[in-house]
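These notes are about the structure you will find just below.
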Amino acid sequence: MDDAPANGRKGLLAAAAVGAATTLAGRAVFARLTGGRFGDAETYNTAKVTVSGPIRRNQGRPSPLSGSGAATADQIVEQVEAADEDEDVEALLVELNTPGGEVVPSDDIRRAVAEFDGPTVAYATDLCASGGYWIASGCDELWARDASLVGSIGVVGSRPNAAGLADKLGISYEQFTAGEYKDAGVPLREIEEDEREYLQGIIDGYYEQFVETVSEGRDMDPDEIRETEARVYLGDDAAEMGLVDDLGTIDDVEARLADLLGAEPEVREFTPERGLAERLGIGAERVAFAAGNGAASVFGGSGGDIDVELR
């Protein structure tokens, strides 16, 4: 008879512990999603923005289980501009781990970085290739690890060729256009030689823009850039070639920022802005996930048919 009240108390204590853990998880998630706006004021003099994964203009909403997700190009531009307008920010740190991506979005980020009023340092972690290097060329300095992969100064244009499959399936292609090259590169018919030359000319034009951009930003001879033949290089080799200014860890980069600022860098990461409803919605999903799986897990182009990318 005496065991019943004791078991009841144990059940209440267990429920309270789960409730407290879920509340703590919710608070942690809420703080991350709101950028600490309801917490103590943060002291900082250096803004950090991160370019991670393929560079895209748009992408879908991230899963609540996968973190905030990689920012889109437009979001990264907004972060850089917000940092530039923040009177507390004196320097910009751009962390890069990307294989490249779309041409114009990459250039949008580079332009925003180049226009930042203050020292700008790019830091390549695992990979800084193609569109990532295009962005880095807009910074004052580029640092990398000795094992980082850096370079790939080139352009890729691709089109599917489904003409053979269409023939097998009895599918014919008919399209009404005005302008000789309006349907150049459509996948349901073989490409004509003059169309191939036309499309290759576009790729060559992007490549020349890439070489010119890197040449100006990195103060390198254009022929030296072309001689890389769009290869990627280990960090130490890239440094020897002048593709990278110096090698080191993030601590070394922050020491360099201290030299540039004349003070210890206090870094604040600028993350994509989201509406309060969206932040709370994602937060609710994460808290629900934590409650169901244990709070410890929380703590613990040139046209429609041609894809042109810096990769």
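The values are calculated or read from the model by the stated rules, or taken from the named source; none is laboratory data. Every value quoted in this text rests on a predicted model; they were computed, and no experiment measured them. Note: ideal-geometry Cβ built from the backbone for every residue, glycine included; neighbour counts use all protein chains shown.
Some values worked out for this structure:
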| read-out | value |
| --- | --- |
| Residue among Leu142, Leu169, Leu199 that alone is in contact with a Gly (Cβ under 6 Å, 6 or more places away or on another chain) and among the hydrophobic types (A, V, I, L, M, F, W, C) | Leu199 |
| Residue list for the stretch 151-182, restricted to those being aliphatic (A, V, I, L, M), in a loop (DSSP other than H, G, I, E, B) and over 37 Å from the mean Cα position of the chain (by Cα) | Ile171, Ala178 |
| Subset of the stretch 84-95 (residues that are assigned to a loop (DSSP other than H, G, I, E, B) and touching a strand residue (DSSP E or B) at 6+ places or on another chain (Cβ under 6 Å)) | Val89 |
| Enumeration of residues in the stretch 27-83 that are β-branched (Val, Ile, Thr), in a loop (DSSP other than H, G, I, E, B) and either modelled with pLDDT of 50 or more or in the same structural domain as Leu127 (by TED's automatic domain parsing) (or both) | Thr43, Thr72 |
| Tally of residues being surrounded by 10 or more Cβ atoms within 10 Å (Cβ to Cβ) and more than 24 Å from Gln200 (Cα to Cα) across the stretch 166-181 | 3 |
| The stretch 169-187 - residue that is aliphatic (A, V, I, L, M) and touching a Leu at 6+ places or on another chain (Cβ under 9 Å) and, of those, farthest from Ser158 (Cα to Cα) | Ile171 |
| Matching entry among Ala82, Ala114 (being surrounded by fewer than 17 Cβ atoms within 10 Å (Cβ to Cβ), at negative phi and of a type in the set (Gly, Ala, Ser)) | Ala82 |
| Any hit, the stretch 212-225, residues being assigned to a helix (DSSP H, G or I), surrounded by 13 or more Cβ atoms within 10 Å (Cβ to Cβ) and of a type in the set (Gly, Ala, Ser) | yes |
| Residue list for the stretch 238-271, filter: basic (Lys, Arg), over 19 Å from Asp146 (Cα atoms) and in a helix (DSSP H, G or I) | none |
| So Thr98, is it farther than 15 Å from Arg218 by Cβ, of a type in the set (S, T, N, Q) and in contact with a strand residue (DSSP E or B) (Cβ under 8 Å, 6 or more places away or on another chain) | yes |
| Failed item in (1) closer than 19 Å to Glu212 by Cα; (2) in a loop (DSSP other than H, G, I, E, B); (3) in contact with a strand residue (DSSP E or B) (Cβ under 7 Å, 6 or more places away or on another chain), with Gly185 passing the rest | (1) |
| Per-region count, the stretch 97-114, residues touching a Cys at 6+ places or on another chain (Cβ under 8 Å), of a type outside the set (Ser, Thr, Tyr) and closer than 24 Å to Leu234 by Cα | 1 |
| Matching residues, the stretch 113-128, being over 14 Å from the mean Cα position of the chain (by Cα) and outside any loop (DSSP other than H, G, I, E, B) | Ala114, Thr120, Val121 |
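To keep it simple, each residue is scored yes or no on (1) within 30 Å of Pro265 (Cβ to Cβ); (2) outside any helix (DSSP H, G or I); (3) in contact with a strand residue (DSSP E or B) (Cβ under 6 Å, 6 or more places away or on another chain).
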{"position": "Glu190", "(1), (2), (3)": "no, yes, no"}
{"position": "Asp194", "(1), (2), (3)": "no, no, no"}
{"position": "Tyr198", "(1), (2), (3)": "no, no, no"}
{"position": "Asp236", "(1), (2), (3)": "yes, no, no"}
